[in-house]
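Notes follow once the structure below has been shown.
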Amino acid sequence: MTTSDSWDAAAEVASCPLIEWSGRVWRAHRPKYGALEPGGSRRISGRYNCGANDDVGFQTIAAEVSERWCALYLVARQTSIDRLALCRQHGVRPRGTHQNSSDTPLALESGGCVIEVIRHTTKDTFDQLNHRLTEIQVEAFRVLDCSDPATVGLTRAHLFQPRDYRYTHKLALAAIKRGAEAILVPSATGVCDNLIYFPEYADERSSLTILRHTDPPYHLD
């Protein structure tokens, strides 16, 4: 497998076009924070954002670069998979109800949000789950499509290395320097794709519009 040091992110990204992307996405966030607020990603580094601090034991490129950038992690539709089969595999019901409608099905993308939340939860923190799911309409004009990692010379294994964000940080920074406002990448769950949106680099024509939200019942009596 290609090593982080030998992979030239800038060269790989330079040959990829930036595309327009429009669609509905979901974001999981604490209710006390706004759905479009990236504040937490400014404080702590994540897979595609480089914050002021890194979690202990995680590898990033923070010591190699001066740049720091925040991100919104948004769950987007993926059409090239057996979506219902993956729902069953992860124990997510493909139907539910929105706060404002008793008969509107929750999209599988919102289920993908729940899976991502639970995937980052331990036995000790499960009782603290209270994430809100917000549906957002995205109109973006400069998106780097990496939903197939081979497009930029990588594999899924490169993107999902445990506690190692060096590949994904290099990819995100190269995309930003290329002029992208977002990158489309596969999710670790395989249920959906993730749209990683960099609000500080938004195209002036682009927009993110909140549509609705739901508060899932994580704890059942």
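The distance between label points at I44 and E204 comes to 3.7 nm (points 7 Å beyond Cα on the Cα→Cβ vector). Annotation for K177 and Q137: the two label points, set 7 Å from Cα along the Cα-Cβ direction, are 3.7 nm apart.
A protection proxy built from the mean count of other Cβ atoms within 10 Å ranks the segments 56-68, 32-44, most packed first, as 32-44, 56-68. Phi-derived couplings, Karplus 6.51 cos²θ - 1.76 cosθ + 1.60 at θ = phi - 60°, listed residue by residue for the range 152-162: 10, x, 10, 10, 4, 4, 5, 6, 10, 5, x Hz, with x used for Gly and Pro.
A straight chain from L36 to F160 at 0.36 nm per residue would run longer than the Cα-Cα distance by 42.2 nm. A Förster distance of 22 Å, applied to the separation of the beta-carbon atoms of A10 and S147, puts the FRET efficiency at 0.65.
Averaged over residues, the count of other Cβ atoms within 10 Å places the peptides 193-206, 147-160, 170-183 in the sequence 170-183, 193-206, 147-160, highest first.
Annotation: amide H of Q59 within the under-5 Å range of D164, Y165, sequence separation 5 or more or interchain, hydrogens built in the peptide plane. For the range 153-221, dividing the convex hull volume of the Cα atoms by the residue count gives 153 Å³ per residue. Remark: spin-label model distance D215-F58 equals 2.7 nm, labels positioned 7 Å along the Cα→Cβ axis. In order along the range 69-76, the Karplus-derived 3J(HN,Hα) couplings, from 6.51 cos²θ - 1.76 cosθ + 1.60 at θ = phi - 60°, round to 8, 9, 7, 9, 9, 10, 8, 10 Hz, and Gly and Pro are given as x.
None of the figures in this text is laboratory data; all of them are computed from the coordinates on show. Just so it is clear, the model here is predicted, and its values are computed rather than measured. A quick note on method: Cβ atoms are made from the backbone with ideal geometry, for glycine too, and the neighbour counts reach across all protein chains shown.
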